[in-house]
Amino acid sequence: MPDSRLVAAILLLSIPAYILGRRRAVSAAAGGRLHSLPGHYGWAAVQLTVLPPLGLHLALAGAGWAGPAAQAAVALAALAGLGAALHRTRPGFRARHAVERGIAGFLLLASLVAIATTAGIVLSMLFETRRFFSLYDWRDFFFSTTWAPRFRGESQLGILPLLWGTLYISTVALAVAVPVGLFAAIHLSEYAGPRLRAVVKPALEILAGIPTIVYGLFALTVVGPMLRDHLAQPLGLGSGASSVMTAGLVMGIMLIPFVSSLSDDIISQVPQNLRDGALALGATRSEMIRRVVLPAALPGVVGAVLLAASRAIGETMIVVLGAGAAARLSLDPFEAMTTVTVKIVSQLTGDADFSAPEALVAFALGLTLFAVTLALNILALWIVRRYREQYE
Amino acid sequence: MTDAPASLFSHDPRLRRRRAAERRFHACGLAAILAGVAALLVLLGSVVASGTGAFRQARIHIPVMLAAEAVDPSGTGDAGAMARVTTITYGRIIEAALHDALAAAGIGTSATGDEIAAMISREAPARLRAMVLNRPELRGQRLTVPLLAAGRIDGYLRGRVTMADAERDRHVSAAQLELADAMVAAGLLRRNRNPAFLTATDASDLRPEAAGLGVAILGSAYMMLIVLALSLPLGVAAAIHLEEFAPRNRWTDLIEVNIANLAAVPSIVFGVLGLAIFINLAGLPQSTPLVGGLVLALMTLPTIIISAGAALRAVPPGLRDAALALGASRMQAVFHHVLPLAMPGILTGAIIGLAQALGETAPLLLIGMVAFVRDYPGAPPQGLLDPASALPAQIYNWTQRADPAFVERAWGAIIVLLALLLVMNAAAVVLRRRLERRW
């Protein structure tokens, strides 16, 4: 009997368990008072019939025990559970409490899934990264300036050119997104009338809802060739469509709504009486914004920019399609460069050999990326939270 | 500030400077808004301009004689015997039909026989064969079938391939393009709607004209089912625990900070997690909707927990107190009163989370969803373990092909993807408008 049928059979057993538990409770009460509603007794019986055997099943499978003996044990546990459930069904039994304890346990477990995910990310990547560093010197990984993987071994896997590309592209992206997003937010919250707001806010939100693969293709087939034909080639700056500029510009567009909506929230949290005070002293609107609102909102805006930076560093599809694959340490914004995320993708797609440092390096790159973005996120969330408390 | 203004009616230089600064600031704000909206318009414009072509396809409409002795050599109409006739035979039938049709229309050409045959897609014989095998009564009949034209010919009708390209491209010749012009004039070759783009499977490098999104749409739908089935109940349960039951202590704080951070972790990290845990450790097969769905479910979970938490917080505490005062347990108060009232908000958040998951590409690259898949996955639950593609992964796959015809397909697929996202987001907005209450 395959395991799936065993599980299905146990789940089916919950129907008679419910009916029997409920009926037994009603007949045991014999017209007197039950502690809980009859349905609770049914559910209590179901819990005891289904959960222990399924737990046992998982435990046995996890320990590597399978076969008829294990299945028989699981089936026996189900029947024993049903028997025990019926035995404890008496009018004084607090069935509702039992059921609610079970539900509360499930709710707790569900909230632990998120913790388990983080733990899974960290542990799996730590494990593979340790294997990588047993094959490849960590000093070479962190301090070498050459990235040149080879299939035959003898690869040079220095992270510095990748980090440089990541930082360069993210800087270009932020140089586009922060001024545009911030000015848009200021204009929307301080100047714009309700009609302009009603059009522009949803439009920017659409920009945020577009999947990154769309931006990637936009970079590859529209922005890249356009920059090459109208900017780079006439000025003699370069001849490739994939470049830091292409990826940075498109990523900047992607981040505009991110910066603008976060800053908009933050600016609108600045108390109105600060504005009124500045205007009453004779400041013009722009003076009021620059001298009063922005300084008050600064911590929140910094948090928003940090969150955007973390996005930019972790962004994958735009750089995979728009930035190129050559690992370079160069200052030329019209040259193709590559990022940490691009190399994670290229080292792990296709037939990767998970005992070779060329594939395992991707986990070290992933862990680095995770650590950097985590640090940025924690810092940004901390700043934003501190800021919120200031005006609440 | 020592010198007083000369007159109330004339502005002194300082005020003029301040006014100018004000105007500059205002203009900067407007420019930023214009830049954002312009970027959106350019993006959407290029999607529409580049992608709509994928929904139309050039076809050659000629009468084809399905000679009984060719398609059914045994003469019995037996399905097994007819299935032994390969696409090569059908290719010859189509080639002969094209020659006849050109002669009948009086079109002369300098193209060689091979070049004439290459006007028609390599996929056309297979589709004709499938049609005959489905409806054996067609054998021996003469009928006009629309046959897919080759990708380069299709590109020529769209203006992507030009005479200048024909000089350099070994897959197409000037004689073929002239022939195509003549066939268009004679009404044998025309572009019409291409519903197969939504239903057909992916196609190999040499036949972009046959490539469709069927497997990708099915794969994405399977993954969305898994994401919904896993992350909605788990996310809502976690949110209920954190909002309604968890004691305010360090441990709960840790969980909440962890969830907020998890929502901001780059999506590719979830792909690395899926590869390490689900594929390398648990041994699940690559390229399957199950693994893709699990990874996307983990990625969507924090989004759903956060939005469900906000929806639960928005229910006024008075309702809980009233239920408790009437003797309900805390669990009953939550499940009978708070949760139903929070449901519209929770569902809105879930739809937005699903929309994010639908467009997510990076993690899918790492778990092999970009593999070339030619067969539809089976029906669930077994089909969840069949190799499949996904919409965004298929788009990425097409951008990596050599033939530019695939890039146009990729833009077409983006239209499909954006249309699905639009429907989902519209549903979320409608749900919010219709069901949400203001307290």
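Rule-based calculations on the coordinates, nothing more; no lab input. From a predicted model like this one, the values you see are computed outputs, not experimental measurements. Here Cβ is always computed from backbone atoms with ideal geometry, including for glycine, and neighbour counts include all displayed protein chains.
Summarising the label geometry, the points placed 7 Å from Cα in the beta-carbon direction at B:Ala20 and A:Arg290 lie 1.3 nm from one another. For chain B, place one equal point scatterer on every Cα, skip the solvent, and apply the Debye formula. What is log10 of I(q)/I(0) at q = 0.12, 0.13 Å⁻¹? Computed log10 I(q)/I(0) values: -1.06, -1.16. Once the chain from B:Glu69 to B:Trp251 is taken as fully extended at 0.36 nm per residue, the excess over their C-alpha distance is 57.7 nm. Helix content alone sets the calculated 222 nm mean residue ellipticity of chain B: runs of n ≥ 4 DSSP H residues at -39500 (n - 2.57) each, divided across all residues, give -19500 deg cm²/dmol. Apply 1/(1 + (r/R0)^6) to the Cβ-Cβ distance of B:Ala49 and A:Gln233, taking R0 = 22 Å, and write down the FRET efficiency to the nearest 0.05. Working from the Cβ atoms, E equals 0.40.
Normalised size of the range A:106-248, defined as Cα radius of gyration per 2.2 N^0.38 Å with N residues, equals 1.53. Semi-axes of the equivalent ellipsoid for the range A:3-114, computed as √(5λ) from the eigenvalues of its C-alpha gyration tensor and ordered from largest down, come to 28, 17, 10 Å. For chain B, the membrane-span-like helix rule (DSSP H, alpha carbon extent of at least 20 Å along the helix axis, mean Kyte-Doolittle at least 1.6) picks out B:214-240, B:289-314; this says nothing about an actual membrane. Ranking A:Leu11, B:Gly353, A:Pro225 by Cα position along the charge dipole of the protein assembly as shown, where only Lys, Arg, Asp and Glu carry charges on their C-beta atoms, puts A:Leu11 farthest toward the positive end.
Label positions at A:His87 and B:Ala328, each projected 7 Å from the Cα along the C-beta direction, are separated by 3.6 nm.
Report the equivalent ellipsoid semi-axes for the range B:55-194 in whole Å, largest first, defined as the square roots of five times the eigenvalues of the gyration tensor built from alpha carbon atoms.
29, 14, 13
Rounded to the nearest 0.05, what FRET efficiency is calculated for B:Arg160 and A:Thr145 with R0 set to 45 Å and r the Cβ-Cβ distance? It comes out at approximately 0.60. Note on A:Phe127/A:Ala69: beta-carbon distance plugged into 1/(1 + (r/R0)^6) with R0 of 22 Å gives a FRET efficiency of 0.10. With q set to 0.07, 0.11, 0.14 Å⁻¹, the log10 of I(q)/I(0) for the range B:214-435, from the Debye formula over equal scatterers at the Cα positions, is -0.27, -0.61, -0.90. Shown here are the Rg and Dmax of the Cα trace of chain A, at 30.1, 95 Å.
Per-residue mean of foreign Cβ neighbours for B:403-415 is 2 (Cβ atoms of other chains, 10 Å radius). Against the main long axis of the alpha-carbon atoms of chain A, helix A:294-314 sits at an angle near 80°.
Note on the range B:7-54: semi-axes of the ellipsoid equivalent to its C-alpha gyration tensor, largest first and rounded to whole Å, are 45, 7, 5.
Sort B:337-347, A:84-94, A:176-186, A:321-331 by packing, meaning the average of other beta carbons within 10 Å per residue, with the highest value first.
On the way: B:337-347: 18.8, A:84-94: 16.2, A:176-186: 25.2, A:321-331: 20.5.
Highest-to-lowest ranking by the protection proxy: A:176-186, A:321-331, B:337-347, A:84-94.
A straight chain from A:Asp332 to A:Glu205 at 0.36 nm per residue would run longer than the Cα-Cα distance by 42.4 nm.
Close amide H contacts of A:Thr146 (hydrogens built in the peptide plane, cut-off under 5 Å, sequence separation of 5 or more or a different chain): A:Gly158. Directionally averaged projected area (the protein assembly as shown, Cα convex hull): 49.7 nm². Counting only other chain Cβ atoms within 10 Å of each residue's Cβ, the peptide A:181-192 averages 5. Per-residue extension of 0.36 nm, minus the Cα-Cα distance of A:Leu112 and A:Ala325, leaves a gain of 72.8 nm for this segment.
Modelled this way, with points 7 Å down the Cα-to-C-beta line, the labels at B:Leu284 and B:Ala104 are 5.5 nm from one another. Between the range A:262-321 and the range B:121-169, what's the alpha-carbon centroid distance in Å? The range A:262-321 and the range B:121-169 have Cα centres separated by 58 Å. Selection among B:Gly151, B:Pro63, B:Ala97 by position relative to the dipole of the range B:55-194 gives B:Gly151 as farthest towards the positive end (Cβ unit charges, Cα centre).
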